[in-house]
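Novice: If you scroll down you'll find the structure; I have some questions about it.
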There are 2 protein chains.
Amino acid sequence: MTAILPAEVLEKSATVLEQLKAAGLMVITAESCTGGLVAGALTAHAGSSAVVAGGFVTYSNAMKQAALGVSADMLAQWGAVSAQVAQAMAEGALAHAPDAGIAVSLTGVAGPDGGSEEKPVGLVWFGLQRAGKPPITQKKIFGGDRTEVRAQSVLHALKMIQDSI
Amino acid sequence: MTAILPAEVLEKSATVLEQLKAAGLMVITAESCTGGLVAGALTAHAGSSAVVAGGFVTYSNAMKQAALGVSADMLAQWGAVSAQVAQAMAEGALAHAPDAGIAVSLTGVAGPDGGSEEKPVGLVWFGLQRAGKPPITQKKIFGGDRTEVRAQSVLHALKMIQDSI
């Protein structure tokens, strides 16, 4: 096995790591549909421990509540794939990671099941929270199958970190 | 991008998912050196939400303490890469995931830096905890570079879940 993650993801995460190092910022992730791959990409490189605090993979709603403090009311009202929950995940991750200064989150419908007219397969909501700054949320609808939706989600989460440093 | 993770990892995680489904068990991970790739592999397949609660990527010691309740004393006495911390990570993950019945953990020296005579690059400690059962810890020393150590660690963590179902 020569590589775990594709070159495009590794190149992007290497760039983000250098920017985090230059900014003196530690990052925490809160991932649903990507299941840990954003954190996995960020830790692929030597020296990542200097700027990666870790991450929360909150795949179930129970984990979104237990690990990140997302409220049951919010999940019931807006659904797990929503701007509100993405923002709450990023805020919760930052609040629960004592050494982190920036949090990125994402929650989406990777498919092939789980899509609806209102929330189709490929819909992903992203959140970004820096300590003491206003929250950012972004919505994307990616094409392709489950693997492609997850890969594009990882790349976009990395891009959001880049854009906010 | 046709795949995010290598075929060998995806085949293994697909098998583990089927076994978890058959056993009616939800899994939670606690990862250090693999940075979320075990959870990433388990969530690569359609329908994984039925058996994957999520995971904790506790890359820093601060996160091992904050998210999993690993004690500062234990980290100071044994070091982050130890049987004691691997076991505490698995116990902590299970305790902090209300919907999970089995937890797998790992903490190791992926390299290229951070190795010592006592704890060389490639050393990885694994923990496994099922609700109401005795803890299991295992030690491996993998060859190869950072990517190979991480890939072998993912495969072994998946194997430990398989072996304990």
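The values are calculated or read from the model by the stated rules, or taken from the named source; none is laboratory data. Note that the structure is predicted; figures quoted are calculated from it, not measured. Using ideal geometry, Cβ is built from the backbone for each residue, glycine included, and neighbour counts are taken over all protein chains shown. Side chains included, ligands, DNA and RNA excluded: accessible areas come from the protein's heavy atoms. Shrake-Rupley method; radii C 1.70, N 1.55, O 1.52, S 1.80 Å.
Novice: Is it fair to say A:VAL57 is open to solvent by less than 10 Å² (accessible area, probe 1.4 Å) and out of contact with any Pro (no Cβ under 6 Å at 6 or more places or on another chain)?
Specialist: yes
Novice: Criterion first (in a helix (DSSP H, G or I) and either without any contact (Cβ under 8 Å) to a residue 40 or more places away in the chain or open to solvent by less than 20 Å² (accessible area, probe 1.4 Å) (or both)) does A:VAL9 satisfy it?
Specialist: Here the answer is yes, as A:VAL9 does meet what is asked.
Novice: Only one of these conditions is not met by A:ALA151: (1) surrounded by 19 or more Cβ atoms within 10 Å (Cβ to Cβ); (2) under 26 Å from B:GLN65 (Cα atoms). Which number is it?
Specialist: The one condition A:ALA151 does not meet is (2).
Novice: Taking the criterion of being closer than 24 Å to B:PHE56 by Cα, surrounded by fewer than 16 Cβ atoms within 10 Å (Cβ to Cβ) and in contact with a helix residue (DSSP H, G or I) (Cβ under 6 Å, 6 or more places away or on another chain), would at least one residue in region A:62-69 satisfy it?
Specialist: Yes, region A:62-69 has at least one match.
Novice: Could you please let me know if A:ALA157 is within 12 Å of the chain's Cα centre (by Cα), surrounded by 20 or more Cβ atoms within 10 Å (Cβ to Cβ) and under 23 Å from A:LEU5 (Cα atoms)?
Specialist: Judged against the criteria, A:ALA157 is a match.
Novice: Right, something else. How many residues are facing chain B (nearest Cβ under 9 Å) and more than 16 Å from the chain's Cα centre (by Cα) when one looks only at region A:66-82?
Specialist: Total satisfying the criteria: 1.
Novice: May I pose another question? Within region B:80-103, count every residue that is among the β-branched types (Val, Ile, Thr) and over 25 Å from A:SER49 (Cα atoms). So that I can check it myself, show each step before the final result.
Specialist: If we filter region B:80-103 for residues that are among the β-branched types (Val, Ile, Thr), which is where we start, we get B:81, B:85, B:102.
Going one step further and asking which of them are over 25 Å from A:SER49 (Cα atoms), we end up with B:102.
Qualifying residue count for the region: 1.
Novice: Residue by residue through region B:100-122, note down the ones that are within 12 Å of chain A (Cβ to nearest Cβ) and surrounded by fewer than 16 Cβ atoms within 10 Å (Cβ to Cβ).
Specialist: B:PRO112, B:ASP113, B:GLY115
Novice: Inside region B:72-165, counting only strands (runs of 3 or more DSSP E) that do not spill past its ends, which hold 2 or more residues that are polar (S, T, N, Q) and in contact (Cβ under 8 Å) with a residue 12 or more places away in the chain?
Specialist: B:102-108, B:136-141
Novice: Sticking with this one: Any residue at all in region B:25-32 that's buried (at least 24 other Cβ atoms within 10 Å of the Cβ), farther than 23 Å from B:GLU11 by Cβ, facing chain A (nearest Cβ under 7 Å) and among the hydrophobic types (A, V, I, L, M, F, W, C)?
Specialist: no
Novice: Continuing with this model, one more query. Being open to solvent by 10 Å² or more (accessible area, probe 1.4 Å), under 15 Å from the mean Cα position of the chain (by Cα) and aliphatic (A, V, I, L, M): is that true of B:LEU94 here?
Specialist: yes
Novice: Of the numbered conditions (1) at the interface with chain B (Cβ under 7 Å from one of its Cβ atoms); (2) within 17 Å of A:ILE161 (Cα to Cα); (3) touching a residue at least 40 places away in the same chain (Cβ under 8 Å), A:GLY36 fails exactly one; give the number of that condition.
Specialist: Going through (1) at the interface with chain B (Cβ under 7 Å from one of its Cβ atoms); (2) within 17 Å of A:ILE161 (Cα to Cα); (3) touching a residue at least 40 places away in the same chain (Cβ under 8 Å) one by one, A:GLY36 breaks only (3).
Novice: Of the residues in region A:17-49, how many are in a helix (DSSP H, G or I) and within 14 Å of the chain's Cα centre (by Cα)?
Specialist: The qualifying residues number 6.
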